[in-house]
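Here is the structure we will look at.
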Amino acid sequence: MKIDFNSKNLLSFIVLVFCTAFLNIASATIVTPEAHNDFLRVKFFIDKKLVNVTKSSTEVSFSTLDGDVYSKVKDGLKNFSSSKYIKTISYTEPTSGNNVFTITLMLKKDVEVFSFYKNRDRAYFVDFWKDGAVSNKQAAIKDVSTLVKKNEASAQESTPKFVKKASAAKPAPKKVRKNVVKKAPSKKTNPYRDFRYGASFIWDYQALAPELKTQILTNRKTAEYFFPIKNFDYNKNEQEAHMQLTLNLYRKGKWGLMYKSIKLYEKKFPKSYNPYNDYMKANALLRETLEKGDIKPVDTAVSMYTNILERTDVYDLRKGIYKYLVQFYREKKDFVKALKYAKRFFSDAKENFDYEELEYMGEYILSSLANLNQVEKVENLIQDKTLVKIISKQKLKAYEMYTYLRQNDEEKVIDAYENFAKTTKGEYLPSIYYNAAEAYFRTSQYEKAFRIYDTFIAKYSYVSEAAQARLRMALIADLQDRPKNEVLELYKNAINRAQNQEVSLEARIRYVGLRTIRKFKPDSKDIETRVFLDKGTDKKLNKELEMLLWQTRLRTFIVDGQYEEALTFLTALPIAGMKISEKKVFEADGAEIVYGIIKSNFDEGKFARAIRAWEIYKDTYFAKIGADPEIQFIIAKSYINLTLWDGFQKMYEKMIASKKETAHTFPLWVSRKEVKKLDLYKNELQILRNLKLKNYSSVDRIIASTEKDYPGFEKITFYKALAHYKRGEFSKAEKEYEKFYASGTNANSIDAKDLVDSIQFYLESIYESKKFDKYLKVSTALLKDASSFQIADTVVEGLRERVNYQRIEILFKNTDKIAADEARTFLNEYKTSLYKNRVKFLLGKESLRMNDFTTGEKLLNEILSDSEAKDYLKELARTELTLINLKKRTL
């Protein structure tokens, strides 16, 4: 068969081949992985509207109703694998009653995910990395990731404790290369928390409209400003003479006579419509309205203006009314009507060759369309040949960028700016700089945004939006983790030069957040800056600024350790009405606040209060944020201490069922101990439970098993010592406690209450072993160390009281010279102590021995008169007093 392969068929064939090849390429590259050294980026070239992407700490899911999209993504992932980040990929197809296709990527342990959609590429970008492994240059959000991970990295690195110095080599005929151990430079701890811990809410600023000059304020002027009425030729005819009479009355403000004159004219000349009569009536109505402050007649006057437009042939009169109406509706923000009259005037001016007004009305049309978000119409209009001739290229580009930014299409703003900057040199309009900088800021291109904001301020510092630009520059420096002195100076500059109240308040809030919340050790001068949080006005704040103020005030309570006050403030906030993203921030802080309350009560030995806080708020905060293993461990341990076994069992089962082995990484307002395996938490709780129940054989078995499975777990020594002490094996307990202290891990591995108890049990073990000299020596050092513990005073005071009492017993037994001094100090410091009467007895007896009868008798008589004194002490006191009386008689 012969085929006629003419040029038309050839063209069709080429198009067919090209389309087929394009579709094959598109389907083949719908999933594109990019492997980097420290993170994996996967691009999914899918229309944003067709797919819903959800993330959690363990998986990433793609859901769609489009079977073709599902099939293409599934094919793209068929040969895809990444053992470093992704564990498995599962596919779920629709079942009865459900038409959703789902693809789920299960993540490996400690893998973090960040995703975003890029309009320019029309693709989802999904980044996978392991916490702390992403380099600054390649991270998806370059600047923020740097500052977020900086503190974590510094916390993980440690400087070697001991480094040998290279010995000096003796002179030798030949140079010998020696391996010298260089001392690692010590890394300074960042004195500030990262940006997320301060005033962290960020929102978009409004786009800056190109400057459109306001010719009048309609609450001060009438259309007569644009078209004043000239005198009539009263000699010409009777009509003109009558109009001049009416005009004279109008000029003198005699409105009543003017209206009568107009009615007489209409009666005398019924067939002759004169637009000036309606014009004077409308103007008179407006002028009277302005003088009295009554705005109701304004609509009547405006209606009269529009009627004149329909009936008059006088172009200059129409022009004056058009200019007034456009400005009137613009001030009312009725952009639909402003656009309507601007378009009519533009057409009218074009027909009358009034090119001077064409430029002005062209800008009004563009401005109205932009404010109505008519993107396509703006794009078409800036290509109009007439507008291109009468409006500058810069002004057209400014309106285009302004429209895109109002639509939150930052990619198009950036494209428009970059293309314009390539072809146009020199100084740009202020709105071009500002809107380009804002677009770069929203897309996290902070360096470019910073430079353009700086240029904007340098050229247009008198524009009111310069205040926002200064604040944005300070915020960029903060996000980029620049030196804090520089950031603080930028914030202060924004505060001092702010031209409106809201910008000033935002700058002050962020300044306070940096100095008093993010700073780990704020001084008194830093705390003084909190007066800036006073909004200083009764004016209602915008929603974003109010949210930022709430967040900062809440966090001042948190960093001050005022958890009860923080919780009261938090419960007063309208969290239920917030956006999900905002709600999560406050709920995460709330979980930390409740944990702070739980931990402070636990450290003080108030276990019932700790459990109560947990039971009240576990569903409000922890059910949404998640309770990490340490919180669950503390609650379970509180149940053990109160011997509430049902509560313990429920908490224990909940902890095991959650299978959660890692604490959440943000926020961490309350310090955590080092993260352990879930099995270790389980073993610790079982050890404590069996110790409480005196099941010592079970304790030994669990300790032996833990030592075998986790040989590096040094805290097991602490439990061995505790088990020996509970058994009364004081010598063994003493040795195990000493081994535990020597390991240097006690402060990081056990909580404050256990640390204090371990010191007490250790000293008790020495005391019970009758090693009194050692007790005196060790107790002095440990009491000194206890003063530096970050533990509630009530807990430490209990330890000090017990130890000081035992020291007094030993000192009096050894007839030590300092015994009496320590006893007197004890009685002054611990006036309500359980041991006070025993100390009084020892001191009284010693006073009598030293022939200080007055002091001795006084102390012994106090014991006798104290209803709380033990009977055996009263008997001993009576005996001593009887003996002293006999001694006095003998003398």
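The values are calculated or read from the model by the stated rules, or taken from the named source; none is laboratory data. As the structure is a prediction and not an experimental result, all values here were calculated from the model. Cβ atoms come from the backbone with ideal geometry, glycine included; neighbour counts cover every protein chain shown. Accessible surface is based on the protein model in full, side chains and every heavy atom, while ligands, DNA and RNA are left aside. Shrake-Rupley method; radii C 1.70, N 1.55, O 1.52, S 1.80 Å.
Could you pull out the residue among 319, 350, 263 that is in a helix (DSSP H, G or I), closer than 25 Å to residue 390 by Cβ and open to solvent by 50 Å² or more (accessible area, probe 1.4 Å)?
After ruling out the rest, the residue left standing is 350.
Suppose the filter is assigned to a loop (DSSP other than H, G, I, E, B) and either at pLDDT below 85 or within 28 Å of residue 766 (Cβ to Cβ) (or both); does residue 841 pass it?
no
Applying the selection to the range 791-812, what residues are touching a Ser or Thr at 6+ places or on another chain (Cβ under 8 Å), at pLDDT below 80 and outside any loop (DSSP other than H, G, I, E, B)?
Result: 796, single match.
Residue by residue, here is whether (1) aliphatic (A, V, I, L, M); (2) touching a Lys or Arg at 6+ places or on another chain (Cβ under 6 Å); (3) open to solvent by less than 20 Å² (accessible area, probe 1.4 Å) holds:
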{"residue": "324", "(1), (2), (3)": "no, no, yes"}
{"residue": "341", "(1), (2), (3)": "no, no, yes"}
{"residue": "346", "(1), (2), (3)": "no, no, no"}
{"residue": "354", "(1), (2), (3)": "no, no, no"}
{"residue": "385", "(1), (2), (3)": "no, no, no"}
{"residue": "394", "(1), (2), (3)": "no, no, no"}
{"residue": "413", "(1), (2), (3)": "yes, no, yes"}
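Per-residue answers, yes or no, for (1) within 28 Å of residue 823 (Cα to Cα); (2) at pLDDT below 80; (3) under 47 Å from the mean Cα position of the chain (by Cα); (4) buried (at least 20 other Cβ atoms within 10 Å of the Cβ):
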site	(1), (2), (3), (4)
704	no, no, yes, no
710	no, no, yes, no
722	no, no, yes, yes
733	no, no, no, yes
736	no, no, yes, yes
756	yes, no, yes, yes
789	yes, yes, yes, no
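Quick one: residue 784 ticks every box in (1) at pLDDT 85 or above; (2) of a type in the set (D, E, K, R); (3) surrounded by fewer than 19 Cβ atoms within 10 Å (Cβ to Cβ) except a single one, so which number is it?
That leaves (1) as the condition not met.
Looking at the range 684-698, can you tell me whether even one residue there is open to solvent by less than 60 Å² (accessible area, probe 1.4 Å), basic (Lys, Arg) and in a loop (DSSP other than H, G, I, E, B)?
no
So residue 287 clears everything in (1) under 17 Å from residue 224 (Cα atoms); (2) crowded, with 18+ Cβ neighbours inside 10 Å; (3) over 52 Å from the mean Cα position of the chain (by Cα) except one condition, right? Which one?
Every condition holds for residue 287 apart from (2).
May I ask you to say which residue of 305, 341, 360, 399 is part of a helix (DSSP H, G or I), among the hydroxyl-bearing types (Ser, Thr, Tyr), in contact (Cβ under 8 Å) with a residue 60 or more places away in the chain and not assigned by the TED database to the domain that holds residue 284?
399
Could you list, in sequence order, all residues of the range 853-879 that are open to solvent by less than 60 Å² (accessible area, probe 1.4 Å) and either farther than 20 Å from residue 816 by Cβ or not in a helix (DSSP H, G or I) (or both)?
853, 857, 860, 862, 863, 864, 866, 869, 873, 874, 877
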